[in-house]
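J.: Supplied in structure tokens, the structure appears directly below.
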There are 2 protein chains.
Amino acid sequence: GKLYVAEIEFISVTFTSLFIFYRLKESDLQLRFCTNETQATRETFVAKLQRLGFDISVSEVFPPAPAAIAVLKERGLRPHLLVHDGLLPEFDAVDKTNPNCVIIGDAAENFLYQNLNEAFRVLIGLEKPVLFSLGQGRYYKETDGLKLDVGVYMKALEYACDLKAEVIGKPSPTFFQSVLSDMGLKPHETLMIGDDLVNDVGGAQYCGMKGVQVRTGKYRSVMSSSLMINFVSATNGAISNISNSFVTGFVF
Amino acid sequence: GKLYVAEIEFISVTFTSLFIFYRLKESDLQLRFCTNETQATRETFVAKLQRLGFDISVSEVFPPAPAAIAVLKERGLRPHLLVHDGLLPEFDAVDKTNPNCVIIGDAAENFLYQNLNEAFRVLIGLEKPVLFSLGQGRYYKETDGLKLDVGVYMKALEYACDLKAEVIGKPSPTFFQSVLSDMGLKPHETLMIGDDLVNDVGGAQYCGMKGVQVRTGKYRSVMSSSLMINFVSATNGAISNISNSFVTGFVF
């Protein structure tokens, strides 16, 4: 679930979320919060959650950008960025001179004709073009209507350059692996709870983690699955069954 | 070949083009000029060619827009347009109220975040979304660099709405059929000459027309094919072998 859905939905779910959050905090489970948020830095994001009453720290939050930066380091890549202005500070310490790859996030108003052409020119000018996409969502809802998400622009650049992007964020295995290695745990020792059957539950299960879907957020009754439970029983189940770890998608 | 490539390329090819043009005009062949131009009306486009010395009339030119308008009429569709400002007058007489389909062309500077969101909202709001794309090109070159073409934005909307666009323009069969019916001819009575192996030659051959590729415009020696000839011999061949008709792609 995105944080910036309609106000009314946001408020109505927060009370349950707060209850769940502190139920988990009281336990001795290790917690990580996985989100595909790419419009703000972790600091901004966590500050917002803290104002809402969540006692959460930056080190517990896993958005795609830091995972991408880890991949850049590992492979000696310097990115050209097409991302939201709010995300830029995450890349402050990253070498962006003479770029040899492109990273796109949910750039929103930065998805200008000129900026897309520029990202394309960087890619087409490379001997081996590498495109990272921070998510592959199609669209999302804001108070003023539906907005196209990063996945749509990823497909555009894929077609233009005849390549396949590497997705970083849920449900990509790279993303879940980076969370697991941060916790120092094996997949079977963890449980992922989320509202999205593909991005949260499917992505986790593909990596060998346990995954359950909750009936909040984007859950719709048509998506029937034996794994669906409500968030409170998911939490109780997690606390009694999983020894020492817990990964959760944000469902506010 | 696009008309607005680099100035130097434009000028160097024009002399050959003029020679070919008048060689064909002198014959008793029926001529039609097929182009994927979607940034200007036929009137503007033809006026430009006339200033360059081509004695050509609007009725001989076949761009995608009029073919799209014919399809709209046939199927009772009212379009939401995401096209170049220069193309809008072609759609003056078309009913655009309460749209039940979307048409995208090479909108260039009009490919704004807001405009793409708007086209997407129209599509996603329809029970049976219909997307027409005036071409499926990936990119083209202008004097100030490479620009993303309409096909890229077509792929973006296809992914967002989980649909397949209907392409109008070369190499789509619908497009070549509309040219053939305008000439009142069967496919085997016509010859298509062009520089693009897929859009010109392939599209025509797929419809049962003869197709030859010339060594001008975007021809590169790596694209070897037994069908490639130079434009002058293509013309001579056409005049001696084809009885009364001739369809040509623009190669200026």
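The values are calculated or read from the model by the stated rules, or taken from the named source; none is laboratory data. Predicted model only: the values in this text are computed from it and were never measured. So basically every Cβ, Gly included, is an ideal-geometry build from the backbone, and we count neighbours across all protein chains shown. Surface accessibility is based on the protein's heavy atoms, side chains included, excluding ligands, DNA and RNA. Shrake-Rupley method; radii C 1.70, N 1.55, O 1.52, S 1.80 Å.
J.: Under 20 Å Cα to Cα from B:Lys96, which lysines show up? Leave out anything in the same chain fewer than 8 places away.
T.: Cα-Cα hits under 20 Å: B:Lys73, B:Lys128.
J.: A further question on this structure: How much of A:Glu189 can a 1.4 Å solvent probe reach, expressed as accessible area in Å² and rounded to 10?
T.: Roughly 60 Å² of A:Glu189 is accessible to a 1.4 Å probe.
J.: Here's a follow-up. For the stretch A:147-184, which residues drop by 30 square angstrom or more in accessible area between the chain on its own and all protein chains together (1.4 Å probe)?
T.: A:Lys147, A:Leu148, A:Val152, A:Tyr153, A:Lys155, A:Ala156, A:Tyr159, A:Ala160
J.: Convex hull over the alpha-carbon atoms of the stretch B:65-167: what's its volume per residue in Å³?
T.: Hull volume normalised by residue count: 100 Å³.
J.: Another one. Indicate the gyration tensor shape class of the stretch A:122-216 (rounded, prolate or oblate), computed on the Cα atoms with a ≥ b ≥ c the square roots of the eigenvalues: a/c under 1.5 is rounded; otherwise a/b larger than b/c is prolate and the rest oblate.
T.: oblate
J.: Quick one: buried accessible area between A and B, total over both chains, 1.4 angstrom probe, nearest 100 Å²?
T.: 2700
J.: In terms of solvent-accessible area of protein heavy atoms at a 1.4 angstrom probe, what is the ranking of A:Thr44, B:Thr38, A:Thr143, highest value first?
T.: Listed by decreasing accessible area, they come as A:Thr143, A:Thr44, B:Thr38.
J.: OK, next. Quick one: accessible area per residue over the stretch B:65-167, 1.4 Å probe, rounded to a whole number of Å²?
T.: 42
J.: Here's a follow-up. Only counting protein heavy atoms at a 1.4 Å probe, give the residues of the stretch B:96-124, ordered by number, whose accessible area falls by 50 Å² or more when the other protein chains are present relative to the chain alone.
T.: B:Tyr113, B:Phe120, B:Arg121
J.: Could you give the length gained by full extension between B:Arg78 and B:Gln177, i.e. 0.36 nm per residue of separation minus their alpha carbon distance, to one decimal place?
T.: 33.4 nm
J.: Same structure, new question: Need the C-alpha centroid separation for the stretch A:67-98 versus the stretch B:59-104, integer Å.
T.: If you average the Cα positions of each part, the centres end up 42 Å apart.
J.: How many nm is it between the label spots at A:Arg51 and A:Phe19, if each spot is 7 Å from the Cα in line with the beta carbon?
T.: It works out to 2.6 nm between the two label points.
J.: List the lysines whose Cα sits under 27 Å from the Cα of A:Lys48, skipping any in the same chain fewer than 8 residues away.
T.: Straight-line reach from A:Lys48, under 27 Å: A:Lys2, A:Lys25, A:Lys141, A:Lys147, A:Lys170, A:Lys218.
J.: Counting Lys and Arg as +1 and Asp and Glu as -1, each charge on the Cβ, what is the dipole of the stretch B:104-148 about the Cα centre in debye, to the nearest 20?
T.: The dipole of the stretch B:104-148 has a size of about 180 debye.
J.: With each pseudo-label sitting 7 Å past Cα toward Cβ, what's the B:Glu43-A:Lys141 distance in nm, one decimal?
T.: Placing both labels 7 Å beyond Cα along the Cβ direction yields 4.5 nm.
J.: Please report, as a whole percent, how much of the solvent-accessible surface of the stretch A:112-168 comes from carbon and sulfur atoms (probe radius 1.4 Å).
T.: Ligands and nucleic acids excluded, carbon and sulfur give 47 percent.
J.: If you take the beta carbon distance between A:Asp95 and B:Leu163 as r and set R0 to 30 Å, what does 1/(1 + (r/R0)^6) give as a FRET efficiency, to the nearest 0.05?
T.: 0.15
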